[in-house]
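The values are calculated or read from the model by the stated rules, or taken from the named source; none is laboratory data. Remember, predicted model here, so these are calculated numbers, not experimental data. We place every Cβ from the backbone using ideal geometry, glycine too, and count neighbours over all the protein chains shown.
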Amino acid sequence: MTIVNLGKHLRMGAFVALIAACGAAAQQPPVKERPIPQVVKKDGRYALMVDGAPYLMLGAQAHNSSGWPGMLPKVWPAIEYLHANTLEIPVYWEQIEAHQGQFDFSVVDTIVTQAREHHVRLDLLWFGTWKNGSQHYMPEWMKADPAKYFHLIDKNGHPADSPSPFCTASQELDIRAFTAFMRHLKAFDAQRTVIIVQVENESGTWGSTRDYGPAAQKAFDAPVPPEVLKAMGKPAGAPVNWQDAFGVEAEVNFHAWAVATYVGKVAAAGKAVYALPLYANAALRDPIKPGAPGSYEAGGPTDNVIPIWKAAAPAIDIVSPDIYMNDPVAYLKVLELYHRDDNPLFVPETSGGAQVARFFFSALGLQGIGFSPFGLDYSTTPSVPPAAPTVFPAAAPGAPTAAATAPGPQDQFAPTAQNYRIIGPMMRDVARLNFEGKLQAVAEETGTPTQTLHFGAWNAIVSYGGGRGGRAQAPTTTQPTGRALVAQLSDNQFLVAGSSCRVDFRPTQADKRRQFIRADEGTYENGVFKFIRILNGDETDNGLNLRAEPIALRVSLGVY
Ligand code: DGJ
């Protein structure tokens, strides 16, 4: 196709998209336009602003093939059970542009409309040029023409199962489709049901460290762009090619630059029509012992190339880790690597089980703006909510109803549901306190029985496992599941939330001892504390015992 034909399709596509947007907008009752969500930074801390205030994404990601109207009945009951406030769900390029240049946003509209009905916000995942390093979500008519929409060439001269970041024909079409999608969202979603968009999915390449096709080779032999040298801390000076500048890391750095440049252009074009927060997710390297180039997906925003992504794709607000690991040392290292002065921490994918749920608190401890276990819908599991976890006390807010007592995939769903049930009602307060720098949070680490959090005149001591004296013990766990959040509300008043641990306070003044003036169990709802009971006696004599079901406390302290 010539440039002229492409132009014709561009005009045609814009026209179809406009008609679709106008039609969709016409069906909606008039709504008051809310502020566009934003990522903001203040005093070195980030917040995701939604409806003008910090928002904590209590997310869950649907399975890859669940973004279809016929599958949504298996998604919403899971989101409801989890008490998630945000659903992450894909939007498929192959669906919205099944016919070249004609955009059909009816599926997007169905998802957005149903999300509103379920009072849930959306993180839409643009499955465009890249999905897990491949081009499997390109429209059929593109996949059928690999000569035009070409794949990357590997070191042996063979096409790989991965798109070439040097294929401008694909890039132009991705830009056109993503822009039409964002333009449609802007017209359809004055309510800001969609609060953030992921651009591509785990972009990059498995099995080849870069593209060896002719255009790629030419660029690899050319001087490294000065902004890349600067981002990677290399001295400016005489032009230097990739091999000479980066040695063994040359190929992965080059591929990261090529992929980030392509994705960055797609993101910038979409953002120009609708400035929602945008992010790119990464399949990770081993954070402790990163293997040599070739042992991990190259090209995506792995920790070693984050500066290259920041330089080449400034329209991407956040680069984010998909964390599929249970080991606390590795998990925490990943969180640290992505919690940067130039990058807010956001975990858009992680495993859903009991071993990982506690790391939601670790992410909060690094001012995380969101957390979202993957695959939490009923498309692959029985369509009944999992068995209700033991609740203490029975009258706890959000306690599961009788409908939530059927057997089901408890291991995968219940730990996340526990977290979100307790944090959900006070999500705005937790997000605000974190943005203000008043909140700290931790999770249990094997071999670390206590952790100390410093708050001016007070230290909060979090301990795990029983058997350290006192009548009422925090539960002894066979697996580490403990988690705690402590936020300073005023000089001597704290919010404490968590489970499977004990939280106590010590004055930093050596000659003083703490006393609990009062410990209220309840929850914050939009800044107002909803009281359930006063904890005392066995529940507080040796510290605040947080049992297996998470609770929230407002604690007033004194000294004597
Ligand atoms: C990471 C990807 O980003 C997800 O879309 C999904 O494929 C999971 N891996 C694995 O199921």
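Taking the criterion of being under 27 Å from residue 429 (Cα atoms) and either surrounded by fewer than 18 Cβ atoms within 10 Å (Cβ to Cβ) or within 16 Å of the ligand (Cβ to nearest atom) (or both), would at least one residue in region 265-276 satisfy it? Show your work before the answer.
Of the residues in region 265-276, the ones under 27 Å from residue 429 (Cα atoms) are 275-276.
Checking which are either surrounded by fewer than 18 Cβ atoms within 10 Å (Cβ to Cβ) or within 16 Å of the ligand (Cβ to nearest atom) (or both) leaves us with 275.
Yes, there is a match, as at least one residue in region 265-276 is under 27 Å from residue 429 (Cα atoms) and either surrounded by fewer than 18 Cβ atoms within 10 Å (Cβ to Cβ) or within 16 Å of the ligand (Cβ to nearest atom) (or both).
Residue check, residue 315 against (1) within 16 Å of the ligand (Cβ to nearest atom); (2) small (Gly, Ala, Ser); (3) at negative phi, all met but one. Which one?
In the conditions (1) within 16 Å of the ligand (Cβ to nearest atom); (2) small (Gly, Ala, Ser); (3) at negative phi, residue 315 misses (1) alone.
Go over the candidates 174, 145 one by one and state the one that is of a type in the set (Asp, Glu) and either crowded, with 22+ Cβ neighbours inside 10 Å or assigned to a strand (DSSP E or B) (or both).
When all the criteria are applied, what remains is 174.
Among the residues of region 321-335, count how many are within 16 Å of the ligand (Cβ to nearest atom) and either under 11 Å from the mean Cα position of the chain (by Cα) or over 22 Å from residue 297 (Cβ atoms) (or both).
Of the residues in that region, 3 qualify.
What tally of residues in region 503-527 results from selecting those that are surrounded by 12 or more Cβ atoms within 10 Å (Cβ to Cβ) and either within 25 Å of residue 427 (Cβ to Cβ) or without any contact (Cβ under 8 Å) to a residue 40 or more places away in the chain (or both)?
The total comes to 10.
Only residues that are of a type in the set (D, E, K, R) and under 29 Å from the mean Cα position of the chain (by Cα): list them for region 143-195, please.
161, 172, 174, 176, 183, 186, 189, 192
Considering (1) buried (at least 24 other Cβ atoms within 10 Å of the Cβ); (2) farther than 20 Å from residue 526 by Cα; (3) at pLDDT 95 or above, say which one residue 463 fails and leave the rest.
The number of the failed condition is (1).
Looking only at residues in region 303-319 that are surrounded by 24 or more Cβ atoms within 10 Å (Cβ to Cβ) and free of Cβ contacts under 8 Å to residues at least 60 places away in the same chain, which one is nearest to residue 370 (Cα to Cα)?
Restricting to residues being surrounded by 24 or more Cβ atoms within 10 Å (Cβ to Cβ) and free of Cβ contacts under 8 Å to residues at least 60 places away in the same chain, the top hit is 319.
It is to be established whether one or more residues within region 90-99 are closer than 17 Å to residue 413 by Cβ and within 16 Å of the ligand (Cβ to nearest atom).
no
Looking at 246, 220, 254 in this structure, which one is more than 19 Å from residue 315 (Cα to Cα), surrounded by 22 or more Cβ atoms within 10 Å (Cβ to Cβ) and out of contact with any His (no Cβ under 6 Å at 6 or more places or on another chain)?
Going through 246, 220, 254 in turn, the sole match is 254.
Are any residues in region 224-264 out of contact with any Ser or Thr (no Cβ under 6 Å at 6 or more places or on another chain) and of a type in the set (D, E, K, R), and if so, which ones?
227, 230, 234, 244, 249, listed by residue number.
Counting just the residues of region 46-70 that are loosely packed, with under 15 Cβ neighbours inside 10 Å and either away from the ligand (no atom under 16 Å from the Cβ) or of a type in the set (A, V, I, L, M) (or both), which one comes out farthest from residue 376 (Cα to Cα)?
Step by step, filter region 46-70, then rank; the result is 52.
From the residues in region 336-384 that are more than 16 Å from the ligand (Cβ to nearest atom), buried (at least 21 other Cβ atoms within 10 Å of the Cβ) and aliphatic (A, V, I, L, M), which one is farthest from residue 41 (Cα to Cα)?
Checking each candidate, the answer is 357.
Any idea which residue in region 192-220 is farthest from residue 57 (Cα to Cα), counting only those that are within 15 Å of the ligand (Cβ to nearest atom) and in a loop (DSSP other than H, G, I, E, B)?
206
Could you grab me the full set of residues in region 522-560 that are in a loop (DSSP other than H, G, I, E, B) and either aromatic (Phe, Trp, Tyr) or within 32 Å of the chain's Cα centre (by Cα) (or both)?
526, 527, 547, 548, 549, 550, 560
With the requirement that a residue be within 26 Å of residue 89 (Cα to Cα) and part of a loop (DSSP other than H, G, I, E, B), what does region 150-165 give you?
Result: 164, 165.
Select from region 101-132 the residues that are within 16 Å of the ligand (Cβ to nearest atom) and of a type in the set (D, E, K, R) and write down the one among them that is surrounded by the most Cβ atoms within 10 Å (Cβ to Cβ).
Residue satisfying both the conditions and the ranking: 123.
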